[in-house]
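The values are calculated or read from the model by the stated rules, or taken from the named source; none is laboratory data. No experiment lies behind these values; they were computed from the predicted model shown. Virtual Cβ from ideal backbone geometry, glycine too; neighbours counted across all protein chains shown.
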Amino acid sequence: MNWNAFQLSAIVIGAAMFGIRVVTLRLKSGINPFTISHPSEAGFAVGEVALVVLILRAARLLAFPLPGWADAQIVNSGLARALGAVLIGGGLFLFALALIAFGKSWRIGIDRRTPSALVTGGIFRFSRNPIFLFLDLYVVGTFFINGTAVFLIAAILSALFLHFQILREERFLLEHYGDAYRKYYARTPRYFAGKF
């Protein structure tokens, strides 16, 4: 399998889903889904762009130097790459389910001015954060495909950063939705299993 082509296809599919949702919300509902109002939300966007740039570098579509240790191979097997593809594919599927379930409620960032209804149906019955879970799966899958230290570091930093963002959103949701969110929080895992 051409793993670079797979990764580039995954980027295109994810970007297409993202773009379609943004355009649909703007044209059909008049909603601006971009509500970046905190440095962590801007950092989220920067992190996603950095990951794409690293993938483009790994595919040799961009060329820029990194320290030698960054390109050190940690994992290098067909089985690891296949696992990475499964994680990325599963993540994209979760992303699609989350976008469908969100409907008009989808936002990038915490929308304090025009928050929408609390979404608890669809994939949100099984995970309070399927989009963040998608991103975690995607970055870990990318590490398994490429196997280098820079992608391992990206996966670890991404998981930590996304967890911090989830905690910020949980505080907002508790403040805004009160008991409805408390009940949802009590019955639905943060990620997919357990309460972590």
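Points to keep in mind about this one:
- Pair list, Cβ < 6 Å and 6+ apart or interchain, from the stretch 96-117 residues that are under 15 Å from GLU41 (Cα atoms) to residues that are surrounded by 17 or more Cβ atoms within 10 Å (Cβ to Cβ) and aliphatic (A, V, I, L, M): none
- Restricting the stretch 144-173 to residues that are more than 19 Å from LEU94 (Cβ to Cβ), in contact with a helix residue (DSSP H, G or I) (Cβ under 7 Å, 6 or more places away or on another chain) and modelled with pLDDT of 95 or more leaves a set whose member that is surrounded by the most Cβ atoms within 10 Å (Cβ to Cβ) is ASN146.
Matching residues to (1) exposed (fewer than 10 other Cβ atoms within 10 Å of the Cβ); (2) more than 20 Å from LEU160 (Cβ to Cβ); (3) under 15 Å from the mean Cα position of the chain (by Cα); (4) modelled with pLDDT of 90 or more:
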| site | (1), (2), (3), (4) |
| --- | --- |
| GLY19 | no, yes, yes, yes |
| LYS28 | yes, yes, no, no |
| LEU62 | no, yes, no, yes |
| PRO67 | yes, yes, no, yes |
| SER77 | no, yes, no, yes |
| ARG81 | no, yes, no, yes |
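- The C-beta contact set for the stretch 161-178 (first residue under 17 Å from ARG113 (Cα atoms) and in a helix (DSSP H, G or I), second residue at pLDDT below 90 and among the acidic types (Asp, Glu), distance under 9 angstrom, 6+ apart or interchain) comprises ARG168/GLU41.
- Residue under evaluation GLY90, criteria (1) surrounded by fewer than 17 Cβ atoms within 10 Å (Cβ to Cβ); (2) not in a helix (DSSP H, G or I), criterion not met: (2)
- Residues of the stretch 99-142 satisfying the condition of being assigned to a helix (DSSP H, G or I), hydroxyl-bearing (Ser, Thr, Tyr) and under 18 Å from ARG21 (Cα atoms): SER105
- Hits in the stretch 118-152 (condition: over 27 Å from ALA80 (Cβ atoms) and either among the charged types (D, E, K, R) or in contact with a strand residue (DSSP E or B) (Cβ under 6 Å, 6 or more places away or on another chain) (or both)): ARG125, ARG128
- Residue count for the stretch 35-53, restricted to those that are within 16 Å of the chain's Cα centre (by Cα) and surrounded by fewer than 13 Cβ atoms within 10 Å (Cβ to Cβ): 3.
- Extreme residue, farthest from the chain's Cα centre (by Cα), among residues of the stretch 93-117 that are buried (at least 17 other Cβ atoms within 10 Å of the Cβ) and either over 29 Å from ARG81 (Cα atoms) or basic (Lys, Arg) (or both): ASP111
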